[in-house]
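What follows is a set of notes on a single structure, which appears directly below.
The values are calculated or read from the model by the stated rules, or taken from the named source; none is laboratory data. These numbers come from a predicted model, not from an experiment. Positions of Cβ are backbone-derived with ideal geometry, glycine not excepted, and every protein chain shown enters the neighbour counts.
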């Protein structure tokens, strides 16, 4: 869509705090791992003193406690984001290493530096993921580009296809002045649906089981899309929003002005 003569109004990328949720998870993982590592002997002694649990867990007690402390927040985050990859990663880095290291006769305490290294790598990947986004606002439309390690995405959106423009700022966005500008198209790109449902089940009877269920669902259209299809968590979102609105108005007025000029030229020619 973009040409060399096309005027660029602004170029923006996601704010450093755009992926604060994921950053918080991995910083939390790093801190919890360090604390558990420091107090691993105390944790083992305390669990060993318990009648049943101590014999069952044995030397694995610090690692089991650490795994639960990490997996639970990742599970909650996965539910909120409707993406299971976060909890899968948490399971892989917490539950898999202890038995694997035991099988290959590697000292179990190596689990702690492994988790620390994984946390640091994850934080670096998150920042690289943020930097891979770039949004270019031109006089004709918006260019969304994402150049990741395993994926390259580009979306060219002309202003004539935008049916609505929405600005969103979270509580964190208000503090650090960033937010998302979501262009909605007539095809529905830029919007999603939140669904809430309630189910009630009844089962009874002697010998014969009778079951019944009533399910009620409700869907609400909300502005939502992937970070490389919207202007995700950009700094100074109000300025970006106004720049796009002004460009849309200018693009709508341009054809009419051109027609007026053509009509005046024809009139003067006659």
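A single entry from 47, 87 fulfils the requirement of being assigned by TED's automatic domain parsing to the domain that holds residue 24, within 30 Å of residue 226 (Cα to Cα) and either loosely packed, with under 13 Cβ neighbours inside 10 Å or touching a helix residue (DSSP H, G or I) at 6+ places or on another chain (Cβ under 7 Å) (or both): 87. Considering only residues of region 229-261 that are in a helix (DSSP H, G or I), at pLDDT 90 or above and over 18 Å from residue 139 (Cβ atoms), which is nearest to the chain's Cα centre (by Cα)? Only one residue tops the list, namely 237. Against the numbered list (1) at pLDDT 90 or above; (2) under 30 Å from residue 136 (Cα atoms); (3) surrounded by fewer than 16 Cβ atoms within 10 Å (Cβ to Cβ), residue 3 comes up short only at (1). When 91, 79 are screened for being part of a helix (DSSP H, G or I) and within 30 Å of residue 176 (Cα to Cα), only 79 passes.
In region 94-122, what residues are closer than 18 Å to residue 24 by Cβ and modelled with pLDDT of 95 or more? Those that are closer than 18 Å to residue 24 by Cβ and modelled with pLDDT of 95 or more: 115, 116, 118, 119, 120, 121, 122. Looking at region 140-206, the strands (runs of 3 or more DSSP E) lying wholly inside it that each contain 1 or more residues that are touching a helix residue (DSSP H, G or I) at 6+ places or on another chain (Cβ under 6 Å) and at pLDDT 90 or above sit at 141-147, 162-168, 178-185.
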